[in-house]
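Read the structure below first, then the notes.
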């Protein structure tokens, strides 16, 4: 295929999907989220994770499909409560199951990225106070040390924590996730302990694997004022943006905690405890100053104009925003992996808008790379429909539809777009012409072939 027919990504670029243990494995009954699910009203649709996607028994089937569809990597998490069901106790049978899973991935040509904490805590840690406990970071570091010792032969690409600011916001500010506490002091304490956990994990991994790549998955959310003429709305949007995107990341990778004072001071962007920064990006939302939201610092989020009702009030799908998120995170001077991006379908049958949205996200990634941003891989959320935390089964992101009652899978038509991108390692002119013809001139005719060819030979050495 000539460069006139395809805009190639750098050789060695990782195209993958992402999953989280509790959301796909099934039967994780020994963690805080399992307890939370049993409480009435905690899950939007009243659902339970239950068998989830039954990955504990059939992960290899779905991973084989991912490889068949041209993917060369997969991001998964290891369930802490399975591996360490009691403090200091290590379950060798569980470790053997994960070894088989990781061995299968490598045999299929899927480079593993392992997430060490994806929202769930073992019950023994949760019952002692979880991220509020002063020894929480040391418990996590102990777990990480054993994980790297056990699985290090299979992995050189590690993500310590997934979306810690999301967990703090939902668990400690809004109180809609475990532990359900509400209070800014509790949120600050949890962030301090998560910072210490990340830094300790980073150093522990490098002691055992000096050449490993260790980072964090940070959700980047775009905030804009609901009313541009409102000073309070503009200040509110700027406050949330700085608090969630700038200060939150600085606290974790630079150790610079700007709470509760110095909120509007720009972080130093040294990223001393990150070899890469993972970007989780989905959407943007409007911010309005609202006296009815005292617990949320008088700031309320509104759906964007024209947002689909299927977005569950989370915001507006904005593929172009991924480009701005990448440009922004690039200021930290570290390589970037897009550890999550995705398109919520909510069971909608019409796949055409979803197909186009996937394409537009990939185009945003390409645009950032073309302008010099060091993006080394992208992981679509998710390979298969899964239990979506407090939303239950009411929202779906998977490339495959899953019926949790009978475990039947069905590839969603729009997801073929991602397969074509992964197989080509690029954006094919024919695909863009089919889904977004108005983008052809901007993407293809605005690039000199020699520039594209030069970028094509740039290589990233996958861990």
Using a 7 Å offset from the Cα along the Cα-to-Cβ direction at both residue 352 and residue 235, what is the distance between the two label points in nm, to one decimal? 4.7 nm
Full extension from residue 176 to residue 133: what is 0.36 nm times the residue separation minus their Cα-Cα distance, to one decimal in nm? 13.5 nm
Taking Rh as the Kirkwood radius computed over alpha-carbon pairs of the chain and applying Stokes-Einstein at 20 °C with viscosity 1.002 mPa s, one gets a diffusion coefficient in µm² s⁻¹ of 95 µm²/s
Which order do the peptides 40-52, 325-337, 20-32 take when ranked by the mean count of other beta-carbon atoms within 10 Å per residue, highest first? 20-32, 325-337, 40-52
Per-residue [θ]222 nm for the chain (sum of -39500 (n - 2.57) over DSSP H runs n ≥ 4, rounded to 500): -10500 deg cm²/dmol
Estimate the FRET efficiency between residue 208 and residue 403 by the formula 1/(1 + (r/R0)^6), using the beta-carbon distance for r and 41 Å for R0, to the nearest 0.05. 0.50
List the relative contact order of region 6-456 as a percent without decimals, with contacts defined as Cα pairs under 8 Å and 6+ residues apart. 19 percent
With label points built 7 Å along Cα→Cβ from the Cα atoms of residue 1 and residue 184, find their separation and express it in nm. 5.1 nm
Rounded to a whole number, the Stokes-Einstein D of region 31-104 in µm²/s (Kirkwood radius over Cα pairs; 4 °C; 1.567 mPa s) is 89 µm²/s
Between region 174-248 and region 7-42, what is the separation of their alpha carbon centroids in Å? 19 Å
FRET efficiency, residue 430 to residue 57 (Cβ-Cβ, R0 51 Å, nearest 0.05): 0.85
With a Förster radius of 35 Å, plug the Cβ-Cβ distance of residue 153 and residue 48 into 1/(1 + (r/R0)^6) and report the FRET value to the nearest 0.05. 0.50
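None of the figures in this text is laboratory data; all of them are computed from the coordinates on show. Note that the coordinates shown come from a computational prediction; the quantities given were computed from them, not determined experimentally. Virtual Cβ from ideal backbone geometry, glycine too; neighbours counted across all protein chains shown.
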